[in-house]
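Asker: Below you'll find the structure I mean.
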Amino acid sequence: MMQQAYQVLNRTFGYQEFRPPQDQIIQTLLNGEDAFVLMPTGGGKSLCYQIPALVRNGIGIVISPLIALMQDQVDALTQAGIRAACMNSSMSGEHNARTEQLALSGQLDIIYLAPERLTLPRTIEWLQQCQLSLFAIDEAHCVAQWGHDFRSDYLQLSLLQQYFPSIPRVALTATADVKTREEIVFRLGLQNAKVFVSGFDRPNIQYRITQKNTPKAQLLNFLQTEHQNHAGIVYCLSRKKVDSTALWLTEQGINALPYHAGLDKTVRQVNQQRFLREDAIVMVATIAFGMGIDKPDVRFVAHLDLPKSIEAYYQETGRAGRDGQPATAWMAYGLEDVIKLKQMMAKSEGDEQFKRIEQQKLNAMLGLAELTDCRRKMLINYFGDQLSNHYPDPKHCGNCDNCLTSVQTWDATEASRKALSCVFRTDQRFGVVHLINVLRGKSSEKIKQFNHQNISTFGIGTELSDGQWRSVFRQLVAHGYLNVNYDYGQLSLNESSRTLLQGKETLTLRLDSFESVGKNKNSTS
Ligand code: ADP
Ligand code: ZN
């Protein structure tokens, strides 16, 4: 049967070779076994079910939530001579009835089905009368509540195993962290499925995350020293920041344009067209920009604000270097990012469960930002993929900032305890600026107002600079030793901080590169 699969690949689709592991996935389905496929967008997931659907007897049923794209897929398959159809709520009843008839008489190879149709009892009855080759569950992460695209219709897909135990099933997705994967397996009953994870590594992208200091100037320096006359994208969190950054870059002689949902539609279209057609446009944008943008020679993606999750970071940085040529994913990240995002999440709509998930996703992103090891390794491990054996050293990619210059660390146990007790002595009611002023024994209106010159932590932190204290506080928040209050960003203690305060733990922190820590310097790497 594998020989037939190669024939279909060559003759029907016009491709020479499978991209591994497409061949193994197809083999698995041809054997009648289940499979779980994790590949990034563009990885080539479709062939993994289309080919076995054509080689095996019967109709392949593809469940997809993307109704808008179904007809395009059907048209493309029809062009290739494949008998394909789709059924969803946007089609007429007449059309759907005709598709049912064609399927019953074995005149179709592939049917795309919207998930909500499966919940109809008559759909199950109909499918039971058809000869089926396989079920493909596309965008399988939609079944997971641990994620952003959860669709309750997808929960019904557990029916498939119940009603069609002998038909092989393949679930496919481009975004699934390890937790989501576990949930997909559980909900779809794919415990026996062979798992294939591949293609998440983008070896030509150099990942770098630097400490935010003077962000605009840092960005300009990055553009001028490394990406003169290159096309790239600069992501900002807010529309206001997009506008001001684009304007500022233009004043510095950079060919920059803004893009966000608040701009007039025609302006957005013009800017997007210019980015696609002209040579070296820097698009300053919110996350509204990028979906469906297929420009192969984007040489860099820069983040001036921290994305909310590793999924978002991976997707956004993944727009760089599609042509395989060297590209940079650069980000400036700082304490204000951590505080802003934690506040936003605490304020966001949604139930407790949703907030908890968002919080954990942000924590994973913070983990990546504060990492002292190889960034690529953590990034692709997050998706369940591994650094391939193309790398001479399986632990280091050699093409991220942490691999290129080893990270210095220092024993920050003492400094952290000072910081935490200062939070405690000031009644957990203040933000970072005030706390640092107290630690460094400065005089300010606020200090006088609250009599903080008389508390025991006043002036106990003169050995570190403002910047160094900010670095300590950032890492304490990022590592969960401090909570951020959502009103004014006041910092408060939690269980972890108590353990640290009680002297039960030591703490090693990153030594941020733009500064050197004074007396406490005790670097290892
Ligand atoms: P995904 O569904 O994973 O996003 P697609 O299935 O749409 O990806 O495939 C992405 C592109 O790669 C398509 O243009 C497809 O035709 C092409 N492709 C897939 N497999 C192969 C292959 N074995 N050889 C050459 N091109 C392939
Ligand atoms: Zn690395």
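The values are calculated or read from the model by the stated rules, or taken from the named source; none is laboratory data. Values in this document were obtained by computation on a predicted structure and should not be read as measured data. Please note: Cβ atoms are built from the backbone with ideal geometry, for glycine as well, and neighbour counts cover all protein chains shown.
Asker: Which residues, taken from the stretch 190-248, are part of a loop (DSSP other than H, G, I, E, B), crowded, with 20+ Cβ neighbours inside 10 Å and hydroxyl-bearing (Ser, Thr, Tyr)? Show your work before the answer.
Answerer: Of the residues in the stretch 190-248, the ones part of a loop (DSSP other than H, G, I, E, B) are 190-193, 198-204, 212-214, 227-231, 236-238.
Subsequent filtering for residues that are crowded, with 20+ Cβ neighbours inside 10 Å retains 190, 193, 198-202, 212, 231, 236.
Answer for the stretch 190-248, where residues must be part of a loop (DSSP other than H, G, I, E, B), crowded, with 20+ Cβ neighbours inside 10 Å and hydroxyl-bearing (Ser, Thr, Tyr): just Ser198.
Asker: Hey, His141 hits all of (1) at pLDDT 95 or above; (2) touching a strand residue (DSSP E or B) at 6+ places or on another chain (Cβ under 8 Å); (3) closer than 28 Å to Val338 by Cβ; (4) of a type outside the set (Gly, Ala, Ser) but one; which does it fall short on?
Answerer: (1)
Asker: How many of the residues making up the stretch 415-435 are touching a Leu at 6+ places or on another chain (Cβ under 9 Å) and either under 21 Å from Ala369 (Cβ atoms) or part of a helix (DSSP H, G or I) (or both)?
Answerer: 13
Asker: It is to be established whether one or more residues within the stretch 202-211 are out of contact with any strand residue (DSSP E or B) (no Cβ under 6 Å at 6 or more places or on another chain) and among the hydroxyl-bearing types (Ser, Thr, Tyr).
Answerer: no
Results for (1) loosely packed, with under 15 Cβ neighbours inside 10 Å; (2) under 26 Å from Phe164 (Cα atoms); (3) among the hydroxyl-bearing types (Ser, Thr, Tyr); (4) within 16 Å of ligand 2 (Cβ to nearest atom), shown as yes or no for each residue.
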position	(1), (2), (3), (4)
Tyr6	no, no, yes, no
Arg11	yes, no, no, no
Arg19	yes, no, no, no
Ile25	no, yes, no, no
Leu29	no, yes, no, no
Gly32	yes, yes, no, no
Ala35	no, yes, no, no
Leu38	no, yes, no, no
Thr41	yes, no, yes, no
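Asker: Moving to a separate point now. What residue, of Asp466, Asp393, Asp411, is touching a Leu at 6+ places or on another chain (Cβ under 9 Å), acidic (Asp, Glu), free of Cβ contacts under 8 Å to residues at least 40 places away in the same chain and within 28 Å of Gln211 (Cα to Cα)?
Answerer: Numbers: Asp466 fails: touching a Leu at 6+ places or on another chain (Cβ under 9 Å); Asp411 fails: free of Cβ contacts under 8 Å to residues at least 40 places away in the same chain.
Of Asp466, Asp393, Asp411, the one residue that is touching a Leu at 6+ places or on another chain (Cβ under 9 Å), acidic (Asp, Glu), free of Cβ contacts under 8 Å to residues at least 40 places away in the same chain and within 28 Å of Gln211 (Cα to Cα) is Asp393.
Asker: Considering only the stretch 51-161, give the strands (runs of 3 or more DSSP E) lying wholly within it that have at least 3 residues that are crowded, with 21+ Cβ neighbours inside 10 Å and touching a Pro at 6+ places or on another chain (Cβ under 8 Å). Explain how you work it out, then say what you get.
Answerer: Numbers: elements: 59-63, 84-87, 110-113, 132-137.
Per the criteria, 132-137.
Asker: Does at least one position in the stretch 54-67 carry a residue that is free of Cβ contacts under 8 Å to residues at least 40 places away in the same chain and away from ligand 2 (no atom under 16 Å from the Cβ)?
Answerer: Step one: of the stretch 54-67, the residues free of Cβ contacts under 8 Å to residues at least 40 places away in the same chain are none.
There is no residue in the stretch 54-67 that is free of Cβ contacts under 8 Å to residues at least 40 places away in the same chain and away from ligand 2 (no atom under 16 Å from the Cβ).
Asker: Here is a further query. Looking at Leu362, Leu341, can you tell me which residue is free of Cβ contacts under 8 Å to residues at least 40 places away in the same chain, buried (at least 20 other Cβ atoms within 10 Å of the Cβ) and among the aliphatic types (A, V, I, L, M)?
Answerer: Details: Leu362 fails: free of Cβ contacts under 8 Å to residues at least 40 places away in the same chain.
Only one candidate passes the filter, namely Leu341.
Asker: Looking for whichever is within 23 Å of Asp337 (Cβ to Cβ) and in contact with a helix residue (DSSP H, G or I) (Cβ under 6 Å, 6 or more places away or on another chain) here; the options are Val433, Val472. Which one fits?
Answerer: On the way: Val433 fails: in contact with a helix residue (DSSP H, G or I) (Cβ under 6 Å, 6 or more places away or on another chain).
Testing whether each residue is within 23 Å of Asp337 (Cβ to Cβ) and in contact with a helix residue (DSSP H, G or I) (Cβ under 6 Å, 6 or more places away or on another chain) leaves just Val472.
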